[in-house]
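The values are calculated or read from the model by the stated rules, or taken from the named source; none is laboratory data. Keep in mind that this is a model prediction, so the values were computed, not measured. Neighbour counts run over all protein chains shown; Cβ positions are idealised from the backbone, glycine included.
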């Protein structure tokens, strides 16, 4: 029961806690499949409508430089699975992962992406998945990072909290943009059509940036519909940003896909 915002939905179970519900999955396309499959298994219709398009960084020089000097770093932080996908193949093309280089990740999805490339022993939070939780780990305290070189593999833009805090703790930090995030090329008409036809019950949003793209894509009528549609978010910061955009039916779930699907399945749809 997984499809695009405008395409047909074929097959899948007909009963479950999400039976009869059409749920929009707004993760980037490469990361949307797991949550979409969970929704399908729960009986729902998963509508994949990415709010971020992912591609290589427009300037490859920072990544090329970081890869060339990778052995000089003591800590390599990967912000997301996209950061792994767009940097690790180039790192490993030069040789095995350096034995003295400790990998770190913000979320468990990124840990799994590193493992898929054979990189184990990643330092990562196990409950909250954000920069604050990563910075709270013992391995990132001043006693461990002061005077050490740190590479942060990330997309363009984003929060500076991680880099700034590690710098304050005495680390020598290089931010390495290895991929780009941008607004989707298409418009929002597929979602608007679903709203008009009564075939859009909720959205799942895992990025404040993506949510801003959606609001910018919608006309006044679309924004009015969005404010009245249940929007499930896995992080308090996203919920706060959504509230400032006027969304009224916000549901804060547990983290990651597992938290989102649990929130969807226990929601009182009546």
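Once region 198-218 is narrowed to residues that are more than 18 Å from the chain's Cα centre (by Cα) and over 16 Å from residue 183 (Cβ atoms), the residue that is surrounded by the most Cβ atoms within 10 Å (Cβ to Cβ) is 200.
Table: residues versus (1) more than 20 Å from residue 180 (Cα to Cα); (2) modelled with pLDDT under 95; (3) assigned by TED's automatic domain parsing to the domain that holds residue 213.
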site: 18; (1), (2), (3): yes, no, yes
site: 24; (1), (2), (3): yes, no, yes
site: 63; (1), (2), (3): no, no, no
site: 73; (1), (2), (3): yes, no, no
site: 84; (1), (2), (3): no, no, no
site: 88; (1), (2), (3): no, no, no
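Can we say residue 192 is more than 15 Å from the chain's Cα centre (by Cα), part of a helix (DSSP H, G or I) and farther than 15 Å from residue 245 by Cβ? Spelling it out, residue 192 is indeed more than 15 Å from the chain's Cα centre (by Cα), part of a helix (DSSP H, G or I) and farther than 15 Å from residue 245 by Cβ.
Remark: residue 159 falls outside the filter, which requires a residue to be surrounded by 13 or more Cβ atoms within 10 Å (Cβ to Cβ), assigned by TED's automatic domain parsing to the domain that holds residue 106 and over 23 Å from residue 110 (Cα atoms).
Of everything listed in (1) without any contact (Cβ under 8 Å) to a residue 40 or more places away in the chain; (2) within 22 Å of residue 31 (Cβ to Cβ); (3) out of contact with any strand residue (DSSP E or B) (no Cβ under 8 Å at 6 or more places or on another chain); (4) not in a loop (DSSP other than H, G, I, E, B), the single unmet condition for residue 263 is (3).
The residue of region 223-234 that is nearest to residue 158 (Cα to Cα), among those that are surrounded by 19 or more Cβ atoms within 10 Å (Cβ to Cβ), touching a helix residue (DSSP H, G or I) at 6+ places or on another chain (Cβ under 8 Å) and at pLDDT 95 or above, is 233.
Within the set 167, 182, the sole residue that is surrounded by 13 or more Cβ atoms within 10 Å (Cβ to Cβ) and without any contact (Cβ under 8 Å) to a residue 60 or more places away in the chain turns out to be 167. If the condition is being more than 19 Å from residue 111 (Cβ to Cβ), touching a residue at least 40 places away in the same chain (Cβ under 8 Å) and assigned to a loop (DSSP other than H, G, I, E, B), then region 44-73 contributes 44, 49, 50, 51, 52, 57, 58, 59. Scan region 235-255 residue by residue and report those that are surrounded by 18 or more Cβ atoms within 10 Å (Cβ to Cβ) and either in a helix (DSSP H, G or I) or not assigned by TED's automatic domain parsing to the domain that holds residue 17 (or both). Selection gives 238, 239, 241, 242.
Residues in region 80-90: is at least one surrounded by 17 or more Cβ atoms within 10 Å (Cβ to Cβ), out of contact with any strand residue (DSSP E or B) (no Cβ under 6 Å at 6 or more places or on another chain), in contact (Cβ under 8 Å) with a residue 24 or more places away in the chain and more than 25 Å from residue 166 (Cβ to Cβ)? Within region 80-90, none of the residues are surrounded by 17 or more Cβ atoms within 10 Å (Cβ to Cβ), out of contact with any strand residue (DSSP E or B) (no Cβ under 6 Å at 6 or more places or on another chain), in contact (Cβ under 8 Å) with a residue 24 or more places away in the chain and more than 25 Å from residue 166 (Cβ to Cβ). For residue 95, the conditions (1) surrounded by fewer than 13 Cβ atoms within 10 Å (Cβ to Cβ); (2) under 30 Å from residue 202 (Cα atoms) are fulfilled apart from (2). For region 29-46, filtering for residues that are under 28 Å from residue 157 (Cβ atoms) and out of contact with any helix residue (DSSP H, G or I) (no Cβ under 7 Å at 6 or more places or on another chain) leaves 5.
Output yes when any residue across region 137-152 is in contact (Cβ under 8 Å) with a residue 12 or more places away in the chain and on the phi > 0 side of the Ramachandran plot, and no when none is. Looking for residues that are in contact (Cβ under 8 Å) with a residue 12 or more places away in the chain and on the phi > 0 side of the Ramachandran plot, one finds at least one in region 137-152, hence yes.
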